[in-house]
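Beneath this line is the structure, given in structure tokens, with notes to follow.
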Amino acid sequence: MDRTHEIMQHADEFGVARQAMVDAQLRRRGIRDESVLAAMNKVRREEFVPLDFRSRAYEDAPLPIGEGQTISQPYIVAAMTAALRLRGGERVLEVGAGCGYQAAILGCLAREVFTIEYRPELATGTAARLARLEYVNVHVHCGDGTMGLAELAPFDAILVAAGAPAIPEPLLKQLAEGGTMVAPVGDADSQELQLVQRRNGEIRVTTLEGCRFVPLVGRYGWKESSSR
């Protein structure tokens, strides 16, 4: 009974922290999409960070998840998701699965999510975590995310969760007509979020805001040595 009470108490504590994150970190910074805010309030971020960082799960900062990778700051997750303007029927590609948190958010908002992780250990752990948490519409692949998933294309939306030197050409080809992509583009230390839209066969690019991500590794990204 004591153990049950302890679990419930911790759950309540995280629930309060989650709501505070939505109010203080997201709404106050201009995130207005109520479906995105609801997803951020639903997905238990504490499940996606290592145990040593669980108490910091809702901090306004990225956190390490191992393999030299991070879980993104809550605001940037929400901002990138909101930029896609998902309405529920989309097939989404995510490049850079990491711990699976961004994929889980996308899974709350889209029909189907395919996420690619370059590092096998992370991919295996993330697939198990998402299955345990019952995100049945999120599918984890291991491989070079800069190549996308041509066999499953086209995608209505693409989210790149690592910093690229340029938008990978294969991802542009896999973006459906009317589709939207958001990706951080720049050097290995700092990037700008770019919103890419395919409209009437043409590609339109808009710069949103500055950001900083771990480097995107792969054929159309950075070499492995540049990511360390």
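The values are calculated or read from the model by the stated rules, or taken from the named source; none is laboratory data. Note that this is a predicted model, so its numbers are computed, not measured. Please note: Cβ atoms are built from the backbone with ideal geometry, for glycine as well, and neighbour counts cover all protein chains shown. Protein only, heavy atoms only, side chains kept; ligands, DNA and RNA dropped before computing areas. Shrake-Rupley method; radii C 1.70, N 1.55, O 1.52, S 1.80 Å.
Using only alpha carbon pairs under 8 Å that are at least six residues apart, calculate the relative contact order of the range 119-216 and give it in whole percent.
Reported relative contact order: 22 percent.
If you count only protein heavy atoms with a 1.4 Å probe, what accessible area per residue comes out for the range 47-101, rounded to a whole Å²?
Normalised by residue count, the accessible surface of the range 47-101 is 37 Å².
Convex hull over the alpha-carbon atoms of the range 170-228: what's its volume per residue in Å³?
In the range 170-228, the Cα convex hull volume per residue is 71 Å³.
Could you sort 112-123, 78-89 so that the peptide with the highest average Cβ count within 10 Å comes first and the rest follow in order?
In descending order of packing, they fall as 112-123, 78-89.
What is the Cα centroid distance between the range 44-80 and the range 88-111, reported in whole angstrom?
16
May I ask you to give the solvent-accessible area per residue for the range 130-194, in square angstrom, as obtained with a 1.4 angstrom probe?
39
Over the range 22-139, what is the percentage of antiparallel beta bridges among all DSSP beta bridges, to the nearest 5? Before the final figure, lay out the partial values.
On the way: 3 of 10 bridges.
Bridges in the range 22-139 are about 30 percent antiparallel.
Looking only at the chain, where both bridge partners belong to it, what percent of the DSSP beta bridges are antiparallel (to the nearest 5)?
About 45 percent, rounded to the nearest 5.
For the chain, with all protein chains present and a 1.4 Å probe, just round the carbon and sulfur fraction of the accessible area to a whole percent.
On the way: 5410 of 10830 Å².
Using a 1.4 Å probe with all protein chains present, the chain comes out at 50 percent carbon and sulfur.
If you line up the Cα atoms of the range 1-129 on their principal axes, what length do they span on each, largest first, in Å?
Cα extents, longest axis first: 44, 36, 26 Å.
Compute the helix-to-body angle for 2-20: its Cα long axis versus the longest principal axis of the chain, expressed 0 to 90° and rounded to tens.
Between helix and principal axis, roughly 50 degrees.
Put +1 on the Cβ of each Lys and Arg and -1 on the Cβ of each Asp and Glu in the range 98-158; which of GLY98, ILE116, LEU133 then has its Cα farthest toward the positive end of the dipole?
Looking along the dipole axis, the top candidate is LEU133.
Can you give the FRET efficiency for LEU133 and ALA61, using 1/(1 + (r/R0)^6), R0 = 25 Å, r = Cβ-Cβ distance, to the nearest 0.05?
Working: r = 23 Å, r/R0 = 0.91.
It comes to 0.65.
How compact is the chain by the rule of thumb for globular proteins, expressed as Cα Rg over 2.2 N^0.38 Å? Intermediate values should be presented prior to the final figure.
Numbers: Rg = 16.9 Å, N = 228, 2.2 N^0.38 = 17.3 Å.
Against the empirical 2.2 N^0.38 Å value, I get 0.98 for the chain.
Place a point 7 Å from Cα of GLN197 in the direction of its Cβ. Which residues in the range 129-164 have their backbone N less than 18 Å from it?
Only 155-160 fall inside the zone, counting backbone N under 18 Å.
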